[in-house]
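Following: one structure in structure tokens, then a few remarks.
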Amino acid sequence: MPNWAEGSLKIRGTREDIIKFLKGALQPLLPPGSEIAKFMGKEVENPTAEITENESYFEMKNKNGFHIKGTHRAFIEQNIDWWFQDKHSEILVIDNFKQAWGVDAGQLAELSKVFNVDIKIHAFERGMEFNQEIEIHKGDIIKDDEIQFKDYDWDCVFPNLGG
């Protein structure tokens, strides 16, 4: 079982590009036990996201969360609920982001480039006692820092996240 780097994922871009990212990069997860059922030859229906959108709001639901395509075990474990700020450059903040062992900036850089968005992550990994700060601008990795602590429980702002 892996340790998890958990935290927030921020996406910045035009409203249209962020929505393209959400629809194109997030894959609804199957219910627990579905992989075993498929392995045993049972038919399992692929889940679809329930999407609601209008001129001021976007919602994307799947009760099991989402896998971020093109990544190795990166997930969003919540529904996306986003009220637009009606700005040229919008920012969507998603909590409950996690990736096994640590965040791979290279995988996310590819998605950033394809969907023309910027990505920013701050992740916490309690088991190995480090944080990661990542910033990607339209495919270019601007920052990919691993932050170590002398006293993780005292110095880390959210020491109980991840692990």
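The values are calculated or read from the model by the stated rules, or taken from the named source; none is laboratory data. A quick note: this is a predicted structure, and the numbers were derived from the prediction, not measured. Cβ atoms come from the backbone with ideal geometry, glycine included; neighbour counts cover every protein chain shown. Protein only, heavy atoms only, side chains kept; ligands, DNA and RNA dropped before computing areas. Shrake-Rupley method; radii C 1.70, N 1.55, O 1.52, S 1.80 Å.
Data overview
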| read-out | value |
| --- | --- |
| Residue, farthest from Gly163 (Cα to Cα), within the stretch 117-134, restricted to residues that are open to solvent by less than 10 Å² (accessible area, probe 1.4 Å) and in a strand (DSSP E or B) | Ile119 |
| Residue satisfying all of: in the stretch 2-52; of a type in the set (Asp, Glu) and closer than 27 Å to Ala109 by Cβ; most open to solvent (accessible area, probe 1.4 Å) among these | Glu16 |
| Among (1) open to solvent by less than 40 Å² (accessible area, probe 1.4 Å); (2) farther than 24 Å from Asp145 by Cα; (3) among the small types (Gly, Ala, Ser); (4) touching a residue at least 60 places away in the same chain (Cβ under 8 Å), the one test that Ser89 misses | (1) |
| Tabulated pairs, the stretch 39-54, first within 17 Å of Gly65 (Cβ to Cβ), second open to solvent by 70 Å² or more (accessible area, probe 1.4 Å) and assigned to a loop (DSSP other than H, G, I, E, B), C-beta under 9 angstrom, 6+ apart or interchain | Pro47/Lys63 |
| Test: residue in the stretch 95-106 that is polar (S, T, N, Q), open to solvent by 10 Å² or more (accessible area, probe 1.4 Å) and in a loop (DSSP other than H, G, I, E, B) | no |
| Residue count for the stretch 53-82, restricted to those that are open to solvent by less than 40 Å² (accessible area, probe 1.4 Å), farther than 24 Å from Ala109 by Cα and assigned to a loop (DSSP other than H, G, I, E, B) | 1 |
| Among (1) under 13 Å from Gly7 (Cβ atoms); (2) in contact (Cβ under 8 Å) with a residue 40 or more places away in the chain - the single one Glu133 does not satisfy | (2) |
